[in-house]
2 protein chains.
Amino acid sequence: MGTKADLNRQHIIDTADNLFYRQGFDHTSFSDIADAAGIARGNFYYYFKTKDDLLAAVLLSRNKAIKDMLDGWDKQMPDPRQRLNRYVQILTNCQHEIKEFGCPMGSLCTELAKLRHALQFNANDMFEIFRSWLREQFSLLGRRDDADQLALHLIARSQGIALVANTYQDAAFLEREVKELNRWIAQL
Amino acid sequence: MGTKADLNRQHIIDTADNLFYRQGFDHTSFSDIADAAGIARGNFYYYFKTKDDLLAAVLLSRNKAIKDMLDGWDKQMPDPRQRLNRYVQILTNCQHEIKEFGCPMGSLCTELAKLRHALQFNANDMFEIFRSWLREQFSLLGRRDDADQLALHLIARSQGIALVANTYQDAAFLEREVKELNRWIAQL
DNA sequence: GTCTATATACGGATAGAC
DNA sequence: GTCTATCCGTATATAGAC
């Protein structure tokens with residue numbers, strides 16, 4: 001439904017999503033979100049009962065965005081190898097954000113693990129969507145036996161690159177490692 | 001100096017270090033540290049003026065521990081390949097902590113980046129100590145031209161493994177990837 | 001649906017007795 | 001050096017007028 005309330009709700013979710021990414025979940029206050037979204041603090045609770053409710057909504061919103069993106073890739077690209085390279089290309093396309101704030105998925109999962117947050121494992125769904133999609137591509141390449149291991153391997157490689165690029169704020173390192181991953185995909 | 005005050009100071013540092021690792025820096029309060037260390041909140045400020053001072057002391061303490069460890073390895077093992085494998089073995093030895101809390105260096109750097117903390121780049125020193133030591137080992141293996149790139153590559157691989165092992169709380173994945181890294185070192 | 005005002009808890013940090 | 005008591009800011013969350 002495209003009612004005004006629904007649009008406001010999604011606007012809050014998008015604003016919170018962005019701030020959670022840039023500042024961390026715990027470190028982002030309702031005031032931060034309210035200010036950035038242009039609404040009053042009090043009105044906030046009309047849409048979300050607690051901060052955890054808001055986090056849950058952000059996670060669902062992210063999951064949908066990831067699924068939509070992968071569906072689009074599937075329609076545009078029939079070749080699994082091309083799809084794998086498109087996955088790796090995220091690192092290049094988002095290199096400025098990654099340099100500043102790391103990976104939105106990895107940094108959030110890391111934080112929720114430390115907080116021992118109730119939604120810690122809900123956040124894994126983001127990775128799971130990528131993982132099953134990657135598994136499918138490796139299967140199509142004939143690697144049915146170790147498709148899942150290859151999927152997790154590629155995710156871990158990407159996460160390591162994002163973490164180091166963020167820590168060192170080094171985009172050149174990121175570019176080098178992306179080329180390395182492209183070579184790895186080519187020789188599978 | 002081994003005075004009582006110095007011992008207390010180091011005791012606070014060690015307690016804070018452990019809590020920062022398990023709960024995160026921002027999420028750990030003075031009350032948490034005081035309770036865990038068995039001292040009163042007020043007495044805390046006799047040793048450290050601010051929370052940031054305490055973090056700085058924790059970082060220095062970590063740096064010293066890393067240097068001492070690497071010096072020990074250098075004395076025990078003359079072969080650079082053996083040393084590289086010993087580095088990777090940290091993942092296996094610490095798999096339970098990594099599964100629960102991730103890598104102490106990577107998760108702290110990730111958090112400080114989000115907080116835009118003044119000591120964000122001080123925390124990188126931990127990685128820098130490993131990086132220069134790894135660079136030395138790759139140089140000894142005859143890879144003088146790309147020694148630094150190999151060092152960063154290995155650090156990124158390790159970080160990705162720790163992050164995914166923590167996110168999925170999956171020790172089997174960690175073990176598989178460690179074997180992969182051992183193969184990579186063997187065929188350098 | 002949106003706002004202001006406020007309850008309540010907890011954070012870092014300080015003062016000062018002992 | 002160690003403790004208790006406390007200030008002050010900010011956080012989540014709620015109440016209730018409009």
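The values are calculated or read from the model by the stated rules, or taken from the named source; none is laboratory data. What you see is a predicted model; the values in this text were computed from it and never measured. Cβ sites come from the backbone with ideal geometry, for glycine too, and all protein chains shown count toward neighbours.
Exactly one residue among A:151, A:156, A:172 is in a helix (DSSP H, G or I), at the interface with chain B (Cβ under 9 Å from one of its Cβ atoms) and either at pLDDT 95 or above or over 19 Å from residue B:170 (Cβ atoms) (or both), and that residue is A:156. Each residue in segment B:23-60 was checked for being out of contact with any Lys or Arg (no Cβ under 7 Å at 6 or more places or on another chain), part of a helix (DSSP H, G or I) and of a type outside the set (A, V, I, L, M), and 8 of them qualify.
So how many residues does segment B:95-121 have that are assigned to a loop (DSSP other than H, G, I, E, B), under 17 Å from residue A:20 (Cα atoms) and facing chain A (nearest Cβ under 9 Å)? Explain how you work it out, then say what you get.
Our first condition is that a residue be assigned to a loop (DSSP other than H, G, I, E, B); within segment B:95-121, this holds for B:102-103, B:116-121.
With the extra rule that they be under 17 Å from residue A:20 (Cα atoms), the set shrinks to B:116-117.
Adding the requirement that they be facing chain A (nearest Cβ under 9 Å) leaves B:116.
Adding up the residues that qualify gives 1.
For the structure I just gave you, tell me whether residue B:35 is farther than 19 Å from residue B:119 by Cβ and either within 15 Å of DNA strand C (Cβ to nearest atom) or in contact with a helix residue (DSSP H, G or I) (Cβ under 6 Å, 6 or more places away or on another chain) (or both).
On the way: farther than 19 Å from residue B:119 by Cβ: yes; either within 15 Å of DNA strand C (Cβ to nearest atom) or in contact with a helix residue (DSSP H, G or I) (Cβ under 6 Å, 6 or more places away or on another chain) (or both): yes.
Considered against the rule, which asks whether it is farther than 19 Å from residue B:119 by Cβ and either within 15 Å of DNA strand C (Cβ to nearest atom) or in contact with a helix residue (DSSP H, G or I) (Cβ under 6 Å, 6 or more places away or on another chain) (or both), residue B:35 comes out as yes.
For residue B:30, the conditions (1) under 20 Å from the mean Cα position of the chain (by Cα); (2) in contact (Cβ under 8 Å) with a residue 12 or more places away in the chain; (3) within 13 Å of DNA strand C (Cβ to nearest atom) all hold with the exception of (1). Checking the stated criteria, residue B:14 turns out not to satisfy the condition of being farther than 21 Å from residue B:104 by Cα and more than 10 Å from DNA strand D (Cβ to nearest atom).
Of everything listed in (1) within 12 Å of DNA strand C (Cβ to nearest atom); (2) in a loop (DSSP other than H, G, I, E, B); (3) surrounded by 18 or more Cβ atoms within 10 Å (Cβ to Cβ); (4) of a type in the set (A, V, I, L, M, F, W, C), the single unmet condition for residue A:12 is (2).
Taken over segment B:18-36, the criterion of being crowded, with 20+ Cβ neighbours inside 10 Å and either of a type in the set (Asp, Glu) or more than 13 Å from chain A (Cβ to nearest Cβ) (or both) is satisfied by B:33 alone.
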